[in-house]
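Novice: For reference, the structure I am asking about is given below.
Coordinate-derived values only; no laboratory data. Keep in mind that this is a model prediction, so the values were computed, not measured. Please note: Cβ atoms are built from the backbone with ideal geometry, for glycine as well, and neighbour counts cover all protein chains shown.
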Amino acid sequence: KQEVTQIPAALSVPEGENLVLNCSFTDSAIYNLQWFRQDPGKGLTSLLLIQSSQREQTSGRLNASLDKSSGRSTLYIAASQPGDSATYLCAVEMDSNYQLIWGAGTKLIIKP
Amino acid sequence: NAGVTQTPKFQVLKTGQSMTLQCAQDMNHNSMYWYRQDPGMGLRLIYYSASEGTTDKGEVPNGYNVSRLNKREFSLRLESAAPSQTSVYFCASSLLAGGPNTQYFGPGTRLTVL
């Protein structure tokens, strides 16, 4: 059974720092991996989607990488800002399956 | 363009009561989903509808029923609420099911069952 883990559960860093969030999964037979952002009291917003054939995706200050063989993905945030404070979740889609398997998220706080 | 809307935003039920959570999307998406989110856990899929007229069970379907009323609307019903169903419920939609199709989420319904 696929399991998705995000460590740490919470992270606090000063504004301006570059940071990395981690996501690991136990079954490498994934179709894609996605990173989402969740703000308190709101729904989730998709940030980046990496298909299994890709190694990374970039959007603005965000860069997500995928290493299927090791079962790991990282989300790199450059020059962090207080507005980046949110919970970041990763989710994997298994081959031939519409269902996303989710990590519990990393709560990120950027201190001004 | 409201995206995905959910009603109600908050609800308190007593054990054994029933209720229906409503979800609608205005993006002409074919696929819709219902998730629950519990503290310290990732989202878990309850039911999904890959296209109008079809529904399928997800990871945690017990105690729930769904109806894909039309292409826009997908409702989730709790027939006899239990305290274990206290959670935040999210509806999502995507153009097509799976693959490179991004899911768009509603703001959630916070449900408490006493």
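Novice: If you go through the range B:32-83 one residue at a time, how many are of a type in the set (A, V, I, L, M, F, W, C) and not in a loop (DSSP other than H, G, I, E, B)? Write out each step before concluding.
Specialist: Let us first name the residues in the range B:32-83 that are of a type in the set (A, V, I, L, M, F, W, C), namely B:32, B:34, B:41, B:43, B:45-46, B:50, B:60, B:66, B:69, B:74, B:76, B:78, B:81-82.
Keeping just the survivors that are not in a loop (DSSP other than H, G, I, E, B) gives B:32, B:34, B:45-46, B:66, B:74, B:76, B:78.
Result for the range B:32-83: 8.
Novice: Scanning the range A:88-106 for residues that are touching a Leu at 6+ places or on another chain (Cβ under 7 Å) and either surrounded by fewer than 21 Cβ atoms within 10 Å (Cβ to Cβ) or of a type in the set (S, T, N, Q) (or both), which turns out nearest to B:N101 (Cα to Cα)?
Specialist: Ranking the qualifying residues of the range A:88-106, first place goes to A:Q99.
Novice: What about A:L21, is it among the aliphatic types (A, V, I, L, M), in contact (Cβ under 8 Å) with a residue 60 or more places away in the chain and part of a strand (DSSP E or B)?
Specialist: Spelling it out, A:L21 is indeed among the aliphatic types (A, V, I, L, M), in contact (Cβ under 8 Å) with a residue 60 or more places away in the chain and part of a strand (DSSP E or B).
Novice: If I ask for residues that are of a type in the set (A, V, I, L, M, F, W, C) and more than 13 Å from chain B (Cβ to nearest Cβ), which ones from the range A:8-54 would you list? Before you say what the answer is, go through the steps one by one.
Specialist: Taking the range A:8-54 as the starting set, the residues that turn out to be of a type in the set (A, V, I, L, M, F, W, C) are A:9-11, A:13, A:19-21, A:23, A:25, A:29-30, A:33, A:35-36, A:44, A:47-50.
The answer is A:L11, A:V13, A:L19, A:V20, A:L21, A:A29.
Novice: List the number of the failed condition for B:A82; all other conditions in (1) aliphatic (A, V, I, L, M); (2) closer than 18 Å to B:Q11 by Cβ; (3) within 14 Å of chain A (Cβ to nearest Cβ); (4) over 14 Å from the mean Cα position of the chain (by Cα) hold.
Specialist: Condition (3) is where B:A82 drops out.
Novice: Could you please find all residues in the range B:62-86 being farther than 18 Å from B:V4 by Cβ, surrounded by 17 or more Cβ atoms within 10 Å (Cβ to Cβ) and free of Cβ contacts under 8 Å to residues at least 60 places away in the same chain?
Specialist: The answer is B:Y64, B:Q85.
Novice: Tally the residues that are more than 14 Å from A:N22 (Cα to Cα) and either under 16 Å from the mean Cα position of the chain (by Cα) or facing another protein chain (nearest Cβ under 7 Å) (or both), restricting the search to the range A:66-93.
Specialist: Residues meeting the conditions: 6.
Novice: In this structure, is B:Y89 free of Cβ contacts under 8 Å to residues at least 40 places away in the same chain, more than 9 Å from chain A (Cβ to nearest Cβ), within 30 Å of A:A9 (Cα to Cα) and in a strand (DSSP E or B)?
Specialist: No, not satisfied.
Novice: While we're on this one: Between a first residue in the range B:11-22 that is without any contact (Cβ under 8 Å) to a residue 40 or more places away in the chain and a second residue that is not small (G, A, S), which pairs have beta carbons less than 7 Å apart while being 6 or more apart in sequence or on different chains?
Specialist: Listed by first residue and then by second, the contacts come to nothing, as the list is empty.
Novice: Additional query: Tell me whether the range A:60-77 contains one or more residues that are basic (K, R) and without any contact (Cβ under 8 Å) to a residue 24 or more places away in the chain. Break it down stepwise before answering.
Specialist: Start the filter on the range A:60-77 by keeping residues that are basic (K, R), which leaves A:61, A:68, A:72.
Those still in the list that are without any contact (Cβ under 8 Å) to a residue 24 or more places away in the chain too: A:61.
Checked against the condition, which is being basic (K, R) and without any contact (Cβ under 8 Å) to a residue 24 or more places away in the chain, the range A:60-77 yields at least one hit.
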